Amino acid sequence: MNISLVYISLSGNTESFVKRLATYLETKHPDVEIERVNIKEMVKYDQPFYHMTTPFVAFLPTYLEGGNGLDNGDVEILTNDLGRFIAFEQNYEHCLGIVGSGNRNFNHQYCLTAKQYAERFGFPVLDTFELRGMQDDIKRIGQRIETLYGLV
Ligand SMILES: Cc1cc2nc3c(=O)[nH]c(=O)nc-3n(C[C@H](O)[C@H](O)[C@H](O)COP(=O)(O)O)c2cc1C
């Protein structure tokens, strides 16, 4: 059994969350392999995108160009590579859902890009967390993933 966590992180918050989430899952399920797929690194080192053959969960922080999230401010910046990976060879068919992250100061734009991806690719927003996420977020989202992979 293999759990894949596919993410992009620009300033390290999502990366920190995904690392801690992987530790949470590994500790509870030592027999399960947790794979972390870092899209920013793949692009940085010119590694080609590939077809996912097993189910995965995506993690996406929100970076939008200004605005208020109502009548403007819904243009994604900086995170588009995750969308490209999900679109690559219909990888979205294996995506169990997306976890959005952001900062509540952005009000209507809070975690908006994850909602846009859910709409665009036809998978659910599983949950959201703020900045690096708290231990409660790790536990709640970890349990959601355990359920999705049939581990409970
Ligand atoms: C330029 C910029 C724009 C942002 N826009 C939003 C936004 O529209 N909505 C939101 O919820 N968070 C927004 N954020 C907050 C980030 O999503 C948040 O800091 C997140 O934890 C960053 O994740 P990362 O460190 O993994 O890149 C923005 C941050 C920056 C720097």
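The values are calculated or read from the model by the stated rules, or taken from the named source; none is laboratory data. Remember, predicted model here, so these are calculated numbers, not experimental data. All Cβ positions, glycine included, derive from the backbone under ideal geometry; neighbour counts span all protein chains shown. Areas reflect the complete protein model, heavy atoms only, side chains present, ligands, DNA and RNA absent. Shrake-Rupley method; radii C 1.70, N 1.55, O 1.52, S 1.80 Å.
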- Accessible area, probe 1.4 Å, largest first, for residues 147, 128: 147, 128
- Query: Rounded to the nearest 0.05, what FRET efficiency is calculated for residue 10 and residue 68 with R0 set to 35 Å and r the Cβ-Cβ distance?
  - Reply: 0.95
- In degrees rounded to 10, the 0-90 angle between helix 112-121 Cα long axis and the longest Cα principal axis of the chain is 70
- Return the calculated 222 nm mean residue ellipticity for the chain, to the nearest 500 deg cm²/dmol, obtained by summing -39500 (n - 2.57) across DSSP H runs with n ≥ 4 and dividing by the residue count. -10500 deg cm²/dmol
- Once amide H atoms are placed 1.01 Å from N in the peptide plane, what residues at a sequence separation of 5 or more from residue 95, or on another chain, have their amide H within under 5 Å of its amide H? 56
- Message: For the range 1-49 and the range 54-105, what is the centre-to-centre distance using only Cα atoms, to the nearest Å?
- Response: 16
- Grab the alpha carbons of the range 64-152, take their convex hull, and tell me the volume per residue in Å³. 100
- Message: Give the lysines whose C-alpha is closer than 21 Å to that of residue 115, dropping any in the same chain fewer than 8 places away, or say none.
- Response: 40
- Note on the structure: Rounded to the nearest 0.05, FRET efficiency between residue 139 and residue 51 (Cβ-Cβ, R0 22 Å) equals 0.10
- Query: Can you give the percent of C-alpha pairs in the chain whose distance is more than 28 Å?
  - Reply: 14
- Query: Using a cut-off of 15 Å between alpha-carbon atoms, which aspartates and glutamates can reach residue 44, once sequence neighbours fewer than 8 places away in the same chain are excluded?
  - Reply: 81
- Note on the structure: Applying the gyration tensor rule to the Cα atoms of the range 1-40 (axes a ≥ b ≥ c; rounded if a/c under 1.5, else prolate if a/b exceeds b/c, else oblate), the class is oblate
- Cα long-axis angle, helix 135-148 against the chain (0 to 90 degrees, to the nearest 10): 70
- Message: Cut-off under 12 Å on the C-alpha distance; same-chain residues fewer than 8 positions from residue 28 excluded. Which aspartates and glutamates are left, in chain and number order?
- Response: 146
- Accessible solvent surface per residue of the chain, calculated while the other protein chains remain in place, 1.4 angstrom probe, Å²: 52
- Query: What is the pair-distance distribution P(r) of the range 1-89, computed from all Cα-Cα distances in 5 Å bins starting at 0, with each bin given as a whole percent?
  - Reply: 3, 12, 21, 21, 18, 12, 7, 3, 2, 0
- Item | Helix 13-28 vs. the chain, principal-axis angle (Cα, 0 to 90°, nearest 10) | 20
- Message: Using a 1.4 Å probe on the protein heavy atoms, what percent of the accessible area of the chain belongs to carbon and sulfur?
- Response: 49
